[in-house]
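Notes to accompany the following structure.
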Amino acid sequence: MLHGKRILLNAGPTREFLDPVRYLSNGSSGKMGYALAQAAKAMGAKVSLVSGPVALDPPEGVETVPVVTGQEMYEAMLGFLDHADWVIGCAAVADLAPVSCGEQKIKIDKETGKLVVELHPTRDIIASLASQRRDGQIFIGFAAETQNVAANAKGKLIRKGLDYIVANDVSQPHLGMNADHNAVQLYGHRGPFASLGPALKDQIAKDILSTIARSIEK
Ligand code: C5P
């Protein structure tokens with residue numbers, strides 16, 4: 001179904017360092033992105049996967065580039081962008097980073113007993129890539145929400161310049177982030193058009209790709 005398509009995707013968390021040993025990150029397992037990479041490959045696509053630090057083996061037959069920070073993830077993806085037909089942002093990019101990274105391990109202030117850290121928002125990778133799109137490229141993002149799933153997903157679709165967004169309610173235990181199962185809704189510019197799962201992420205991955213492929217063909 002995806003024969004000859006070149007798919008670029010990212011997965012897993014990123015890390016933003018405060019000093020050589022401490023970082024900000026999140027609990028993303030990378031399972032959804034890896035399942036998508038594997039499914040896309042099985043459906044005939046040529047897949048490039050840019051992955052944050054995860055405890056998963058690189059999917060067979062998928063060109064996998066390991067990265068750590070958001071900047072590294074962005075730069076690695078930029079290198080593949082021109083040749084990609086679909087770009088899928090499945091990574092849980094750390095959305096805040098320390099304004100500066102100390103060369104030495106930072107000491108806690110002895111007088112206050114505190115460490116005050118200034119943070120700034122990181123670059124939105126999928127939005128930055130979508131702003132550099134060439135004709136015919138399809139951009140797909142993910143939205144992990146705990147409330148107002150539909151409204152937040154639609155807002156992100158427009159704000160980030162995407163064609164499709166895959167929304168999941170992460171407030172439900174055993175579904176979504178760091179779980180083996182997921183349940184998602186697909187949104188395009190014409191509104192919601194599919195509800196998939198709950199099912200194993202491998203199955204959800206196949207269904208996401210085939211549902212979007214069919215929607216593009218229409
Ligand atoms: O805004 P939010 O983080 O909920 O959006 C999720 C979507 O945006 C995902 O596709 C995620 O990979 C992407 N994202 C990104 N760069 C960021 C934050 C989110 O590419 N700094």
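The values are calculated or read from the model by the stated rules, or taken from the named source; none is laboratory data. Quantities reported herein were computed from a predicted structural model and do not represent experimental measurements. Note that we place each Cβ from the backbone using ideal geometry, even for glycine, and neighbour counts take in every protein chain shown. Please note that ligands, DNA and RNA were not included when accessible areas were found on the heavy atoms of the full protein model with its side chains. Shrake-Rupley method; radii C 1.70, N 1.55, O 1.52, S 1.80 Å.
Odds and ends about this structure:
- Distance between the 7 Å Cα→Cβ label points at Leu200 and Arg22: 4.1 nm.
- Highest average packing first - 84-92, 50-58, 122-130, Cβ atoms within 10 Å: 84-92, 122-130, 50-58
- Rg [Å, one decimal], Dmax [Å, integer] - the chain, C-alpha atoms: 17.8, 65
- Along its three principal directions, the equivalent ellipsoid of the stretch 120-178 from the Cα gyration tensor extends over semi-axes of 23, 13, 11 Å, largest first.
- A full extension of the chain between Arg190 and Asn148 corresponds to an added length of 13.3 nm, given 0.36 nm per residue minus the alpha carbon distance.
- The mean of 1/r over all pairs of different alpha-carbon atoms in the stretch 69-175, once inverted, gives a Kirkwood hydrodynamic radius of 16.2 Å.
- Per residue Cα convex hull volume in Å³ - calculated over the stretch 9-107: 98 Å³
- With the highest mean first, a sort of the peptides 186-198, 19-31 on other beta-carbon atoms found within 10 angstrom per residue produces 19-31, 186-198.
- Accessible surface of the chain, 1.4 Å probe: 51 percent of it comes from carbon and sulfur atoms.
- Inter-label distance for Asp82 and Gln172, nm, one decimal - labels placed 7 Å from Cα along Cα-to-Cβ: 4.3 nm
- Residue-averaged [θ]222 nm for the chain, counting only DSSP H segments that reach four residues, each worth -39500 (n - 2.57): -8000 deg cm²/dmol
- Under the Debye formula (equal points on every Cα, no solvent term), log10 I(q)/I(0) of the stretch 41-95 at q = 0.20, 0.25, 0.27 Å⁻¹: -0.77, -1.16, -1.30
- Cα pair distances of the stretch 112-154 binned at 5 Å [whole percent]: 5, 14, 15, 15, 17, 12, 8, 7, 4, 2, 1, 0
- Here, the stretch 166-218 yields an orientationally averaged convex hull projection of 3.6 nm² when only Cα atoms define the hull.
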